[in-house]
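Contents: one structure, followed by commentary.
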Amino acid sequence: MAIHVNKGTVVLRVWNDQGSLTEHSESFTTIDEMFDLCLHAGTPPLVDRVVIQAEDDQGDAHTLVLAFQSLTRKSR
């Protein structure tokens with residue numbers, strides 16, 4: 001079964017001034033764009049998840065979600 005990636009989204013999280021996480025997303029259409037978004041997110045933005053939307057050779061839609069966990073520890 002051949003899969004063709006149509007588009008995707010990298011969801012980034014950043015801490016705001018009130019101490020809570022906010023989300024924003026960046027779209028990509030190629031795997032190179034996805035890697036660029038993930039590798040250049042830097043700090044403070046954290047990559048939370050990558051959503052890839054594709055279809056197979058029969059036209060059936062598929063969605064792949066890659067989720068990441070991050071942990072921040074404040075010094076005392």
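The values are calculated or read from the model by the stated rules, or taken from the named source; none is laboratory data. Computed from a predicted structure; not experimentally measured. Glycine also receives a Cβ, built like all others from the backbone with ideal geometry; neighbour counts cover every protein chain displayed.
For Thr22, indicate whether it is modelled with pLDDT under 85 and loosely packed, with under 12 Cβ neighbours inside 10 Å. Taking the combined requirement at face value, the residue does not satisfy it. Of all residues being at negative phi and free of Cβ contacts under 8 Å to residues at least 24 places away in the same chain in region 31-55, which is farthest from the chain's Cα centre (by Cα)? Just the residue, please. Going through the qualifying residues, I end up with Thr43.
Within region 10-33, the residues that satisfy the criterion of being under 19 Å from Leu64 (Cα atoms), hydroxyl-bearing (Ser, Thr, Tyr) and in a strand (DSSP E or B) are Ser25, Ser27. Considering (1) touching a Gly at 6+ places or on another chain (Cβ under 8 Å); (2) in contact (Cβ under 8 Å) with a residue 24 or more places away in the chain, the lone condition that Trp15 does not fulfil carries the number (1). Among the residues making up region 25-38, those that are of a type in the set (A, V, I, L, M, F, W, C) and surrounded by 15 or more Cβ atoms within 10 Å (Cβ to Cβ) are Phe28, Met34, Leu37, Cys38.
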